[in-house]
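Peer 1: Below you will find the structure I want to go over with you.
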């Protein structure tokens with residue numbers, strides 16, 4: 001073998017080793033960083049950590065339009081709060097278009113300026129780590145949607161799985177509910193069977209349980225992360241942490257209880273009752289949770 005071919009073979013081997021490195025993922029729920037809220041990530045360095053960090057962004061970064069209790073906008077300069085702290089966000093939710101498609105375009109530009117990828121219907125998010133591509137497929141599904149007839153998102157997962165590891169973000173469910181519906185569970189199962197390694201739910205503004213399905217994980221609702229408006233009063237939430245092995249299997253699943261920030265930054269929670277609630281809801285979904293030093297481990 002010639003010297004150039006030896007070098008090429010060596011580089012290919014290095015690339016294969018790099019691709020085999022497990023990826024650490026962390027995810028939290030709904031974020032509206034407007035109003036008088038201060039930096040919502042100040043106390044989350046040990047919670048949102050790893051290779052891929054995800055949140056659901058509930059407001060456009062734009063100066064366009066008007067703001068009201070039902071229609072949001074956030075100063076684009078606040079996108080800097082996400083820099084180095086978040087890698088990908090979902091813009092598939094009921095507030096992403098509060099200032100129209102132009103406002104969403106402003107948001108995407110502001111996020112790109114701080115190194116954050118965005119996902120919504122028609123545009124998957126993507127994070128690349130040491131040669132491994134993580135594709136984020138994001139959809140917003142109305143509470144009354146016929147979820148059993150939802151095939152578009154399943155096909156999107158199949159297409160994404162040909163390009164890399166797929167995580168699905170779903171803005172769905174009934175406001176205030178602690179339990180997913182049977183239809184939600186069926187759709188989540190179809191997404192996993194189509195190739196998703198994780199389904200990350202948000203939207204009800206309440207937390208819901210975590211289901212272990214095969215080699216994947218489903219968090220039906222992560223709850224709130226932080227809101228700069230008086231539009232929710234629910235502070236029980238959690239961040240989900242897990243590892244994606246080189247085989248594609250999800251391991252080391254942990255739920256870290258949070259006190260959501262309402263007009264204030266969120267923070268880790270030491271409330272044993274909150275941990276018990278996440279444990280009970282997850283056990284009812286067939287998971288085998290175990291408490292360990294204030295964290296819930298899921299098997």
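The values are calculated or read from the model by the stated rules, or taken from the named source; none is laboratory data. Here the structure is a predicted model, which means the values were calculated and not measured. So basically every Cβ, Gly included, is an ideal-geometry build from the backbone, and we count neighbours across all protein chains shown.
Peer 1: Pick out the one residue from 169, 153 that is under 21 Å from residue 199 (Cβ atoms), buried (at least 20 other Cβ atoms within 10 Å of the Cβ), in contact (Cβ under 8 Å) with a residue 60 or more places away in the chain and out of contact with any helix residue (DSSP H, G or I) (no Cβ under 6 Å at 6 or more places or on another chain). Talk me through it step by step, then tell me what you get.
Peer 2: On the way: 153 fails: in contact (Cβ under 8 Å) with a residue 60 or more places away in the chain.
169 is the lone residue from the list that is under 21 Å from residue 199 (Cβ atoms), buried (at least 20 other Cβ atoms within 10 Å of the Cβ), in contact (Cβ under 8 Å) with a residue 60 or more places away in the chain and out of contact with any helix residue (DSSP H, G or I) (no Cβ under 6 Å at 6 or more places or on another chain).
Peer 1: Determine whether residue 248 is touching a residue at least 24 places away in the same chain (Cβ under 8 Å), surrounded by fewer than 13 Cβ atoms within 10 Å (Cβ to Cβ) and not in a helix (DSSP H, G or I).
Peer 2: no
Peer 1: For segment 202-217, does any single residue satisfy the condition of being assigned to a loop (DSSP other than H, G, I, E, B), without any contact (Cβ under 8 Å) to a residue 40 or more places away in the chain and farther than 28 Å from residue 165 by Cβ?
Peer 2: Within segment 202-217 (the criterion being assigned to a loop (DSSP other than H, G, I, E, B), without any contact (Cβ under 8 Å) to a residue 40 or more places away in the chain and farther than 28 Å from residue 165 by Cβ), the answer is yes, since at least one residue qualifies.
Peer 1: Still on this structure, please answer the following. Which residues, counting only those in segment 51-89, are closer than 13 Å to residue 118 by Cβ, assigned to a helix (DSSP H, G or I) and in contact (Cβ under 8 Å) with a residue 40 or more places away in the chain?
Peer 2: Hit for segment 51-89 is 82, nothing else.
Peer 1: List the residue pairs whose Cβ atoms are under 7 Å apart, where the first residue sits in segment 272-299 and is more than 18 Å from residue 212 (Cα to Cα), the second is surrounded by 14 or more Cβ atoms within 10 Å (Cβ to Cβ), and the two are 6 or more positions apart or on different chains.
Peer 2: From segment 272-299, the pairs are 274/236; 274/257; 294/275.
Peer 1: Right, here's the next one. Just a yes or no: is a residue in segment 42-49 touching a strand residue (DSSP E or B) at 6+ places or on another chain (Cβ under 6 Å), assigned to a strand (DSSP E or B) and at pLDDT 95 or above?
Peer 2: There is no residue in segment 42-49 that is touching a strand residue (DSSP E or B) at 6+ places or on another chain (Cβ under 6 Å), assigned to a strand (DSSP E or B) and at pLDDT 95 or above.
Peer 1: Before we move on, is residue 273 in a loop (DSSP other than H, G, I, E, B), out of contact with any helix residue (DSSP H, G or I) (no Cβ under 6 Å at 6 or more places or on another chain) and modelled with pLDDT of 95 or more?
Peer 2: Criteria not met by residue 273.
Peer 1: Another question about this same structure. Against the condition surrounded by 15 or more Cβ atoms within 10 Å (Cβ to Cβ), at pLDDT 95 or above and closer than 24 Å to residue 259 by Cβ, how does residue 108 come out, does it pass?
Peer 2: no
Peer 1: Is there a residue in segment 93-107 that is within 30 Å of residue 294 (Cβ to Cβ) and touching a residue at least 40 places away in the same chain (Cβ under 8 Å)?
Peer 2: Checking segment 93-107: at least one residue is within 30 Å of residue 294 (Cβ to Cβ) and touching a residue at least 40 places away in the same chain (Cβ under 8 Å).
Peer 1: Collect the residues in segment 278-295 that are buried (at least 18 other Cβ atoms within 10 Å of the Cβ) and part of a helix (DSSP H, G or I), keeping them in residue-number order.
Peer 2: Going residue by residue through segment 278-295, those that are buried (at least 18 other Cβ atoms within 10 Å of the Cβ) are 278-279, 281-282, 285, 287, 289.
Answer for segment 278-295, where residues must be buried (at least 18 other Cβ atoms within 10 Å of the Cβ) and part of a helix (DSSP H, G or I): 278, 279, 281, 282.
Peer 1: Quick one: residue 130 ticks every box in (1) under 15 Å from the mean Cα position of the chain (by Cα); (2) surrounded by fewer than 14 Cβ atoms within 10 Å (Cβ to Cβ) bar one, so which box is it?
Peer 2: (1)
Peer 1: Residue check, residue 204 against (1) surrounded by 24 or more Cβ atoms within 10 Å (Cβ to Cβ); (2) within 21 Å of residue 136 (Cα to Cα); (3) touching a strand residue (DSSP E or B) at 6+ places or on another chain (Cβ under 7 Å), all met but one. Which one?
Peer 2: Going through (1) surrounded by 24 or more Cβ atoms within 10 Å (Cβ to Cβ); (2) within 21 Å of residue 136 (Cα to Cα); (3) touching a strand residue (DSSP E or B) at 6+ places or on another chain (Cβ under 7 Å) one by one, residue 204 breaks only (3).
Peer 1: Among the residues of segment 119-131, is there at least one that is touching a helix residue (DSSP H, G or I) at 6+ places or on another chain (Cβ under 6 Å), under 28 Å from residue 285 (Cα atoms) and in contact (Cβ under 8 Å) with a residue 24 or more places away in the chain?
Peer 2: For segment 119-131, residues touching a helix residue (DSSP H, G or I) at 6+ places or on another chain (Cβ under 6 Å), under 28 Å from residue 285 (Cα atoms) and in contact (Cβ under 8 Å) with a residue 24 or more places away in the chain: absent.
Peer 1: Can you go through 241, 254 and tell me which one is at pLDDT 95 or above, part of a strand (DSSP E or B) and more than 19 Å from residue 90 (Cβ to Cβ)?
Peer 2: Selected residue: 254, the only one of 241, 254 that is at pLDDT 95 or above, part of a strand (DSSP E or B) and more than 19 Å from residue 90 (Cβ to Cβ).
Peer 1: On to the next question. Return the residues of segment 257-269 that are outside any strand (DSSP E or B) and either crowded, with 16+ Cβ neighbours inside 10 Å or at pLDDT 95 or above (or both); say none if nothing qualifies.
Peer 2: 260, 264, 265, 266, 269
Peer 1: If I filter segment 237-245 for residues that are in contact (Cβ under 8 Å) with a residue 24 or more places away in the chain, touching a helix residue (DSSP H, G or I) at 6+ places or on another chain (Cβ under 8 Å) and crowded, with 20+ Cβ neighbours inside 10 Å, do I get at least one hit?
Peer 2: Within segment 237-245 (the criterion being in contact (Cβ under 8 Å) with a residue 24 or more places away in the chain, touching a helix residue (DSSP H, G or I) at 6+ places or on another chain (Cβ under 8 Å) and crowded, with 20+ Cβ neighbours inside 10 Å), the answer is yes, since at least one residue qualifies.
Peer 1: Oh, and also: Has segment 212-235 got any residue that is more than 28 Å from residue 292 (Cβ to Cβ), in contact with a strand residue (DSSP E or B) (Cβ under 7 Å, 6 or more places away or on another chain), crowded, with 22+ Cβ neighbours inside 10 Å and modelled with pLDDT under 95?
Peer 2: Yes - at least one qualifying residue is present in segment 212-235.
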